[in-house]
1. Among the residues of region 84-122, write down those that are open to solvent by 50 Å² or more (accessible area, probe 1.4 Å), modelled with pLDDT of 90 or more and assigned to a strand (DSSP E or B).
2. Against the definition (among the acidic types (Asp, Glu) and buried (at least 24 other Cβ atoms within 10 Å of the Cβ)), how does residue 147 come out, yes or no?
3. Hey, can you tell me all the residues within region 158-181 that are open to solvent by less than 10 Å² (accessible area, probe 1.4 Å), aliphatic (A, V, I, L, M) and more than 13 Å from the chain's Cα centre (by Cα)?
4. Out of curiosity, is residue 155 open to solvent by less than 10 Å² (accessible area, probe 1.4 Å), in contact with a helix residue (DSSP H, G or I) (Cβ under 9 Å, 6 or more places away or on another chain) and at positive phi?
5. Is it true that residue 305 is touching a residue at least 60 places away in the same chain (Cβ under 8 Å), under 22 Å from residue 235 (Cα atoms), crowded, with 19+ Cβ neighbours inside 10 Å and of a type in the set (A, V, I, L, M, F, W, C)?
6. Restricting attention to region 281-288, does a residue exist that is out of contact with any strand residue (DSSP E or B) (no Cβ under 6 Å at 6 or more places or on another chain), open to solvent by 20 Å² or more (accessible area, probe 1.4 Å) and charged (D, E, K, R)?
7. Looking at region 32-51, can you tell me whether even one residue there is among the hydroxyl-bearing types (Ser, Thr, Tyr) and at pLDDT 95 or above?
8. From 224, 204, grab the single residue that is over 14 Å from residue 253 (Cβ atoms), in a helix (DSSP H, G or I) and among the small types (Gly, Ala, Ser).
Amino acid sequence: MKSIIITGRRETEIIEIKEPEINGPNDVKIKVAFAGICPDEMPYFRQDDDMLGWGPILFPGNGHEMAGTIVELGESAQESGFKEGMRVSGYAWNQCGHCFYCRTGRESHCLNLKPTQSTMSEYIVWHSRQLIRIPDSVSMEEACLTDPIGHSLRGIERSGLHLGDSVLIIGGTVPGLILLQLAKMCGARQITIIEPVEANRKLAMQLGAEICIDPDQENISSMALNTTNLLGYDVIYEASGNLEMLSIAAALLARQGTLAYSSFYGLNRRFPINTSELFIKEAKLVPFHMAPYMLPRIQNVMDKLILEPLISHVYSMEEATYAYKATESGQYPHILIRING
């Protein structure tokens, strides 16, 4: 079968590998329809030192988002409700289920966490606990956003967002635009987006943002603080991956506010936040990434979100290098690769 691998600095190649087989009762074999490209894969695409920061969590570094159709499965997977022909998506990481963190409700910090086969392949075999059925009203393309939806739900959870909180989201990325919709569902107010790309700002307004700020043309601090009557935002989500925005975010926080960030930012880069400012404000700094026990919640909320416009382009397997370069540009919310079909 065909599989896409990263072969060098900003280079990909289609290779032939052995088609995987199910070996256990919980195994599910999936014919992949689409695979998504996550910005977290860019250090691997660039082949720079930042990929070392993730260690084995993202190894081999390309392909952990997908949607596809079940073609074969084990007996226990069938007992879990899965069947041949069912459309599925899921998480690419398989937890052990028996370490300290798995047994205390923190499976995303599993001590034996292992990435499964890259989704940039025609067929994959995953454990049934990694999968959810795709709701009937959600397309295969939209279902590739399972991972960023869970990521964003985790951000809402970790930030402690309350009804009536003012919210600032930095970055019109896929997580940023999903956080926008979730925050609106939670009753947030004064939802503001900071985003340099005009098309992404327009999309944010269509999805419910009340104010959009162009950081290249407008005074961020002036517009943001005027929006909140100089009080600052109760919750700020940094979803751009731009380290410099963290220092600005801290200045825009309300007293006892929460700054939640979701990027790695680099292996050896200094955190540009004035801790004295956080101390005086009694503000919280909260990281978030992988989400524990989130798949059922993703399934329940997926068809409540507007996902179709978040898919910017769909490339063929032969165009994988162009797809990765488009993702690297930061101009588009999300890029997919058509694997089968």
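The values are calculated or read from the model by the stated rules, or taken from the named source; none is laboratory data. Given the structure is predicted, the values throughout are model-derived calculations rather than measurements. Cβ: placed from backbone, ideal geometry, glycine included. Neighbour counts: every protein chain shown. These accessible areas exclude ligands, DNA and RNA; they are computed on the full protein's heavy atoms, side chains included. Shrake-Rupley method; radii C 1.70, N 1.55, O 1.52, S 1.80 Å.
1. 87 - this is the single residue of region 84-122 that is open to solvent by 50 Å² or more (accessible area, probe 1.4 Å), modelled with pLDDT of 90 or more and assigned to a strand (DSSP E or B).
2. Values: among the acidic types (Asp, Glu): yes; buried (at least 24 other Cβ atoms within 10 Å of the Cβ): yes.
Judged against the criteria, residue 147 is a match.
3. If we filter region 158-181 for residues that are open to solvent by less than 10 Å² (accessible area, probe 1.4 Å), which is where we start, we get 159, 166-172, 174, 176-180.
Narrowing further to those that are aliphatic (A, V, I, L, M): 167-170, 174, 177-180.
The answer is 167, 168, 169, 170, 180.
4. Numbers: open to solvent by less than 10 Å² (accessible area, probe 1.4 Å): yes; in contact with a helix residue (DSSP H, G or I) (Cβ under 9 Å, 6 or more places away or on another chain): yes; at positive phi: no.
No; evaluated as a whole, the condition is false for this residue.
5. Working: touching a residue at least 60 places away in the same chain (Cβ under 8 Å): yes; under 22 Å from residue 235 (Cα atoms): yes; crowded, with 19+ Cβ neighbours inside 10 Å: yes; of a type in the set (A, V, I, L, M, F, W, C): yes.
For residue 305, the condition - touching a residue at least 60 places away in the same chain (Cβ under 8 Å), under 22 Å from residue 235 (Cα atoms), crowded, with 19+ Cβ neighbours inside 10 Å and of a type in the set (A, V, I, L, M, F, W, C) - is met.
6. no
7. Applying the first criterion (among the hydroxyl-bearing types (Ser, Thr, Tyr)) to region 32-51 yields 44.
When the remaining residues are screened for being at pLDDT 95 or above, the result is none.
No: region 32-51 contains no residue that is among the hydroxyl-bearing types (Ser, Thr, Tyr) and at pLDDT 95 or above.
8. Sole residue among the options that is over 14 Å from residue 253 (Cβ atoms), in a helix (DSSP H, G or I) and among the small types (Gly, Ala, Ser): 204.
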